1. Taking loop as defined by DSSP and a crowding limit of 16 other beta carbons within 10 Å, which trypsin sites (Lys or Arg not before Pro) in the stretch 48-86 fit?
2. Round to a whole number: what % of the accessible area of the chain belongs to carbon and sulfur, probe 1.4 Å?
3. Tell me the angle of helix 14-24 to the major Cα principal axis of the chain, expressed in degrees between 0 and 90 and rounded to the nearest ten.
4. Send over the per residue convex hull volume for the stretch 75-123, Cα only, as a whole number of Å³.
5. In terms of solvent-accessible area of protein heavy atoms at a 1.4 angstrom probe, what is the ranking of Trp70, Trp186, highest value first?
6. How much accessible area does Trp163 have with a 1.4 Å probe, in Å² rounded to the nearest 10?
7. Counting only heavy atoms of protein chains, what accessible area per residue, in Å², does the stretch 121-231 have with a probe of 1.4 Å?
8. Please work out, to two decimal places, the log10 of the ratio I(q)/I(0) at q = 0.14, 0.18, 0.21, 0.22 Å⁻¹ from a Debye calculation in which every Cα of the stretch 88-198 carries one identical scatterer.
Amino acid sequence: MGRDKEILLKVIPSKIANEFIKKYHYSGKVVQNSSLHFGCFLDGKLHGVMQYGSSMVKKNIIHLVNKTNWNEFIELNRMAFDDYLPKYSESRCLSISFKLIKKNAPHIKWIVSFSDGTQCGDGTIYRASGFKLTGIKKNKSNLILPSGEIINTLNFTDGKSTWCKKIRSLGYTSKTKYLNEKQKGWKYLKGYQLRYIYLIDKSCKLNVPIIPFSKIDELGAGMYKGEKRNI
């Protein structure tokens, strides 16, 4: 039996989860919308975190699955593991989290998540865990500022982030105008964003086509640990 079978999943406080994500997630950032935090434990210590919560713009996501009510889907906002965990740990932890969500929050019918094919990867773990690929698009979300800081454009419009408050304090209502005037030289990162959906309720019907994984190579969207690749 592989040691991945020994991993225990527990709901943990947001403070502990956020500290782990900031240390081990490639972005070093947390998503403020995260409300359900799973800790992955082996040998009595925390070695992985998965954070679920509402999508930042739910109205753009809810239509992806037929007849979805406002509270019937959730987003996997962040997932990070350290190097201590054995092979297959990620897919096992995801599988257990799905079962726990199904048991304790039966109103949740499906899960959406996104892979960052500009800095991180194309979603290997999602494909191994039964997610369906439902979207591949060129990146228009992650941009790099002249300082070298990488930021998602939603941080300019969500009304909560430090960046959004900063822009408003300077009198800007348009993120594009702010960027062009105050962050001259900014540019979008080259790469793709991939969207995956996992149906907890197998009777749910997708409103969008399932994209074959081979399309990732056709578009040159493959990436693993920040390096371009073919899958």
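The values are calculated or read from the model by the stated rules, or taken from the named source; none is laboratory data. The structure presented is a predicted model; accordingly, all values stated were derived computationally and were not measured. Cβ coordinates were reconstructed from backbone atoms using ideal geometry, including for glycine residues, and neighbour counts include every protein chain displayed. Note: accessible area is taken over every heavy atom of the protein model, side chains too, but ligands, DNA and RNA are not part of it. Shrake-Rupley method; radii C 1.70, N 1.55, O 1.52, S 1.80 Å.
1. Sparse-neighbourhood loop trypsin sites (Lys or Arg not before Pro): Lys67.
2. Within the chain, the accessible surface is 51 percent carbon and sulfur.
3. So the inclination is approximately 80 degrees.
4. Working: hull volume 4.5 nm³, N = 49.
For the stretch 75-123, the hull spanned by Cα atoms encloses 91 Å³ per residue.
5. Descending order: Trp70, Trp186.
6. 40 Å²
7. About 59 Å² of surface per residue is accessible.
8. The computed values of log10 I(q)/I(0) come out as -0.73, -0.94, -1.07, -1.11.
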